[in-house]
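Please treat every number below as a calculation from the coordinates, not as lab data. Fair warning: this is a prediction, and the values are worked out from it, not measured in the lab. Using ideal geometry, Cβ is built from the backbone for each residue, glycine included, and neighbour counts are taken over all protein chains shown.
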Amino acid sequence: MSNINNHQCRPDCGACCIAPSISSEIPGMKNGKVSGEKCIHLTNDFLCDIFGMPSRPLVCINFNFDPEICGKNQQEAMQIMKGLEPK
């Protein structure tokens, strides 16, 4: 997978904050979140309100914004990311 340089989130997406499960602690979500659950830090305009803050979980910091994961739109991104979840 290729890394997108100077990436910017797709407007109105937020799939990476909804589709995957996160087992590590997220501020305000002590047990992380399950797949399909919206992170409490995802704003109404689908941005992360703790982006760039030291409290942001390492799993989020290390997320690789990549066309193969993010797809062409939110629906495709949700499908791809849910497909990566362990069965």
Helix-only estimate, please: 222 nm mean residue ellipticity of the chain, summing -39500 (n - 2.57) across DSSP H runs of length 4 or more and dividing by its residues, to the nearest 500.
-4500 deg cm²/dmol
Taking volume of the Cα convex hull per residue in Å³ straight from the coordinates, which label in [x] 116; [y] 98; [z] 85 is the correct one?
[y]
Cross-link partners of Lys33 among aspartates and glutamates (Cα-Cα below 12 Å; sequence separation of 8 or more within a chain)
Glu25
Nearest-0.05 FRET efficiency for Gln79 and Glu25 at R0 = 25 Å, using Cβ-Cβ distance, is 0.40
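Please report the net charge: other residues with Cβ closer than 13 Å to the Cβ of Ile22, K and R +1, D and E -1. Please report the intermediate quantities before stating the final value.
Details: positive: Lys30, Lys33, Lys38, Arg56; negative: Glu25, Glu37, Glu85.
Taking every other residue near Ile22 into account, the sum is +1.
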In this structure, the FRET efficiency calculated for Lys87 and Glu37 from their beta-carbon separation, with R0 = 22 Å, to the nearest 0.05, is 0.80
Burial order of peptide ranges 15-24, 55-64 (average beta-carbon count within 10 Å, highest first)
15-24, 55-64
Give me the dipole magnitude in Debye, nearest 20, for the chain about the Cα centre, with unit charges on the beta carbon: positive for Lys and Arg, negative for Asp and Glu.
160 debye
